[in-house]
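Remarks on the structure that follows.
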Amino acid sequence: MLGNDFFALTGRALRKWIRNPAAVMPGFFMALFFLVLFGNSLNPTSLIPTNFGGFHPTAAQLAMIKIDLLAQYFSSAPTYISFLTAGIICLILVFNMGFGGIDLVLDRQNGFLNTLLSAPISRASIFFSGVVQNILKVLSLAFITFIIALILPNGLELGSGFGILDFLGVFGTFILLAFGISCVFTALALSVKSIDSLIAIVNFATFPLIFASTALFPQAGSPIWLLDISDVNPISKASDAARLLMINGGNLTSTQLNAFGLDIAYLVAFTVAVTVLGYLAARKALAPK
Amino acid sequence: MSNIVEAEGLTKLYGEKVTAVDNISFTVKDGEVFGFLGPNGAGKSTTIKMLTTLASITSGKASVAGFDVVKDPSAVRRSIGIVPQELTADDELKGTENLVLAARLHHVSGSEIRAKSKEMLKLFDLEDASERRVRTYSGGMRRRLQMAMGLVHSPKILFLDEPTLGLDIQTRTKVWQYIHLLNKEHGLTVFMTTHYLEEADGLCDRIAIIDHGIIKVSDTPSRLKEQFGGEVLTLTISGDEDLTDFLRTVPDVGDVTLVGRVFKLKVTKTENALPVIIEGVTRRGLKVTDISSSRPKLDDVFLEVTGRSMRGGEGGGESWVQNMNMGRSTS
């Protein structure tokens, strides 16, 4: 019966989502906006001076400086957007996961949640359909962002040999992060009574999570305390793992493969932990008071 | 006739200070329409929340369709249908899709879902609108769809919370007809709250009036009116003077209530009381500008029992769903 309840609720949410394109468009423009804005305004290679105290490097020298800069600080990405794409996708995942809970708060406010609670359905189906519908919605945005990054001039350049397995690895990484984050925000959405409270908490939580990670900036130059936070931040793990695959394709060295494996193991542990905690919190929130 | 709902010493405390429902006991018989009436905050919504497993019980016990609401909530949920005051049908889904969803969530078997949905659409005259999205429905159509969703799984008892609140008189009459039809022809037990006393009077086999968490009276509408006894004399008197004390001294006059400038008197013998009243009013230099006498109505019973007019609460109808949502401690 859990499966029947889960599919019924998830189907309802996805039908509503598909029939309301206005709900999808902001996510699309958010992806475009972040890639174009951050891809240009934060691009460190555009800040390389053409005059070093009277010395004017040649175009070839400037190109070498650019390559060295990206190699040393930006995971050897061929372009800045190649470095940035994984982080922007994580940013989009986290923000949309947070605000995706609004539908659940609305369900509570308009009485639909109580209709569910008075029906003989499994409480787990309410929680997990909330988690999965959010993931499905957000993954489509992640895919759109990936495509936009590929199309943009000086955009995402995938590593040679990047194949279907690497693609699945990249999106598998995003799914792991999305599942964990979705469990947190779904439990939160089922626990709060108003949209205002949800938005306040989401804003409060997501900004530090994003900016205290390697999603948008490399670790080099960060203060030590921020490095410590960044090191345990699951967004850093997902950004690093996805970025590694995007930039290097199927040509990972054993060191890189090891780093990738550790990041994924960390994400799996994080996701399992927050799934259990999220479910327990949701069950408490849905229990008769 | 067996009892489909049994409540014994049912109590609900919110925190340590707020007693929403105070040790109430009542039964609902299988196949009857039971009306639960009370002013806002009386405890009726909290009672329904407890019976439908949406709220925990502080003390006492209750069973619905033979199942204990605390020990076997899943069995209770399988046996009940709920039509909340809110319109919870999904605007973006079609009428049929909402019904199919409700059926699936109540575990109606796959082969039966379509047939049951069609049956409900036909019963509630929604066949023509079944493929339209609910956002295009009128208020009356939404209410009918809501009732269909509460019934699609063939529950043993249907809980209706203010089923006609905010509806125009034609739609309200139509909803009454549906409730009557479901009860008389389909044998469905209905447990309803309403702010419209004429609705309770016309539809309910038995009613209970709850106030301050306590059931004040419970009986058939006709017996309650009989118990009220005598007649209701309604007087409009010129001026602003409060004549309540004087009217209470008049022979054969029982309770006196003042609503605006209208005095309502419970009178055992109008022919004895009326000359004394007119003489007393005239002596005070006032005039009786309007006078009428009627058999007691449920409204009069309600007023006597609660000391409040139900009309005062109209339009501010509470809802157990809303209360649950807001996490308020009122009922």
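Side notes on the structure shown:
- For the range B:47-74, the candidate set comprises residues that are at the interface with another protein chain (Cβ under 8 Å from one of its Cβ atoms) and among the hydrophobic types (A, V, I, L, M, F, W, C); within that set, the residue that is farthest from residue B:141 (Cα to Cα) is B:55.
- Test: residue in the range B:110-122 that is more than 23 Å from residue B:172 (Cα to Cα), in contact with a His (Cβ under 6 Å, 6 or more places away or on another chain) and modelled with pLDDT under 95: no
- Within the range A:142-159, being over 15 Å from residue A:179 (Cα atoms) and assigned to a helix (DSSP H, G or I) holds for A:143, A:144, A:145, A:146, A:147, A:148, A:149, A:150, A:151.
- When the range B:122-154 is limited to residues that are part of a loop (DSSP other than H, G, I, E, B) and within 26 Å of the chain's Cα centre (by Cα), the one that is nearest to residue B:96 (Cα to Cα) turns out to be B:126.
- Residue pairs whose Cβ atoms lie under 7 Å apart, sitting 6 or more positions apart in sequence or on different chains, and linking a residue in the range A:5-20 that is at pLDDT below 90 to a partner that is in a helix (DSSP H, G or I), are A:17/A:23; A:17/A:137.
- Pairs with Cβ under 6 Å, 6+ apart, first in the range B:231-254 and within 20 Å of residue B:303 (Cα to Cα) and among the basic types (Lys, Arg), second at pLDDT 85 or above and surrounded by 19 or more Cβ atoms within 10 Å (Cβ to Cβ): B:248/B:256
- Exactly one residue out of B:43, B:31 is more than 10 Å from chain A (Cβ to nearest Cβ), in contact (Cβ under 8 Å) with a residue 24 or more places away in the chain and farther than 27 Å from residue A:284 by Cβ: that is B:31.
- Subset of the range A:128-182 [of a type in the set (Gly, Ala, Ser) and on the phi > 0 side of the Ramachandran plot]: A:161
- With respect to (1) surrounded by fewer than 17 Cβ atoms within 10 Å (Cβ to Cβ); (2) closer than 29 Å to residue A:207 by Cβ, the lone exception for residue A:63 is condition (2).
- Among the residues of the range B:180-218, the ones that are at positive phi and in a strand (DSSP E or B) come to 0 in all.
- Residue satisfying condition, being at pLDDT 85 or above, buried (at least 16 other Cβ atoms within 10 Å of the Cβ) and closer than 18 Å to residue B:224 by Cα, within set B:247, B:274, B:265: B:265
- Checking residue A:32 against (1) touching a Leu at 6+ places or on another chain (Cβ under 7 Å); (2) modelled with pLDDT of 85 or more, the condition it does not meet: (1)
- Number of the condition not met by residue A:118 [criteria: (1) out of contact with any strand residue (DSSP E or B) (no Cβ under 8 Å at 6 or more places or on another chain); (2) within 14 Å of another protein chain (Cβ to nearest Cβ)]: (1)
- Top-ranked residue in the range B:154-188 [being of a type in the set (Val, Ile, Thr) and surrounded by fewer than 17 Cβ atoms within 10 Å (Cβ to Cβ); ranked as modelled with the highest pLDDT]: B:173
- For residue B:279, the conditions (1) in contact (Cβ under 8 Å) with a residue 40 or more places away in the chain; (2) outside the structural domain of residue B:179 (by TED's automatic domain parsing) are fulfilled apart from (1).
- All conditions but one from (1) more than 9 Å from chain A (Cβ to nearest Cβ); (2) surrounded by fewer than 20 Cβ atoms within 10 Å (Cβ to Cβ); (3) under 14 Å from residue B:149 (Cβ atoms) apply to residue B:91; the one that does not is (1).
- Residue in the range A:257-268 that is over 20 Å from the mean Cα position of the chain (by Cα) and farther than 22 Å from residue A:157 by Cα present: yes
- Leading residue by the ranking (surrounded by the fewest Cβ atoms within 10 Å (Cβ to Cβ)) among those in the range B:58-88 that are in contact with a Gly (Cβ under 6 Å, 6 or more places away or on another chain) and within 16 Å of residue A:117 (Cα to Cα): B:86
- In the range A:1-83, counting only helices (runs of 4 or more DSSP H) that sit wholly within it, the ones holding 2 or more residues that are within 14 Å of chain B (Cβ to nearest Cβ) span A:2-18.
- In this structure, residue A:275 does satisfy being in contact (Cβ under 8 Å) with a residue 60 or more places away in the chain and of a type outside the set (Phe, Trp, Tyr).
- Where a residue in the range B:126-140 is at positive phi and within 13 Å of chain A (Cβ to nearest Cβ) and its partner, wherever it lies, is β-branched (Val, Ile, Thr) and part of a helix (DSSP H, G or I), with Cβ under 6 Å and at least six apart: none
- Selection within the range B:190-227: residues that are more than 13 Å from the chain's Cα centre (by Cα) and surrounded by 22 or more Cβ atoms within 10 Å (Cβ to Cβ). The member of this set that is modelled with the lowest pLDDT is B:224.
The values are calculated or read from the model by the stated rules, or taken from the named source; none is laboratory data. Not measured: the values here are computed from a predicted model. Note that we place each Cβ from the backbone using ideal geometry, even for glycine, and neighbour counts take in every protein chain shown.
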